[in-house]
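Step one of this worksheet: look at the structure below.
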Amino acid sequence: MGNDAPARRREFTRTIEDFTCAHCHAEVKGNGYTDHCPRCLWGRHVDVNPGDRASGCGGMMKPVHAVYMHGIYIITYRCEKCKAEKRCKAAPDDDTGLLEALAGRKSYPITPTNRAKNSSS
């Protein structure tokens with residue numbers, strides 16, 4: 001017999017919030033789609049569905065991998081607390097060097113100071 005449960009839809013709630021990154025301490029200006037720090041790419045596990053802030057976990061979401069598809073990067077995150085994995089699109093202001101390193105396209109040490117070092121050149 002088939003499963004009678006309705007398919008779960010991923011609802012999106014636009015939530016505009018500024019925040020201080022808990023990983024690198026950068027001040028991040030949210031735009032309603034911001035779910036991670038553009039400087040170090042780390043985020044927090046706060047959503048069940050994008051933007052809903054319904055997760056009770058609150059763990060740090062570590063960027064563990066990225067793929068480049070159709071002109072955009074997709075970042076895979078793993079929660080350091082509950083081990084949940086989620087994927088999201090990279091933002092236009094995300095650190096390109098870090099994205100390339102996560103995707104295996106470039107050798108780049110992943111530290112929160114890379115963006116400051118590279119922008120002063």
Cα-Cα P(r), region 19-108, percent of pairs per 5 Å interval: 3, 15, 25, 27, 19, 8, 2, 0
Average Cα contact separation per residue, region 19-108, under 8 Å, 6 or more apart, as relative contact order %: 21 percent
Three-way shape label, region 9-63, alpha-carbon gyration tensor, a/c 1.5: oblate
Calculated from backbone phi, Karplus (6.51, -1.76, 1.60) coupling profile of region 76-85 in Hz, x at Gly/Pro: 9, 10, 10, 6, 5, 9, 9, 6, 5, 10
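The numbers here are math on the coordinates, done by the rules we state, and not lab data. Keep in mind that this is a model prediction, so the values were computed, not measured.
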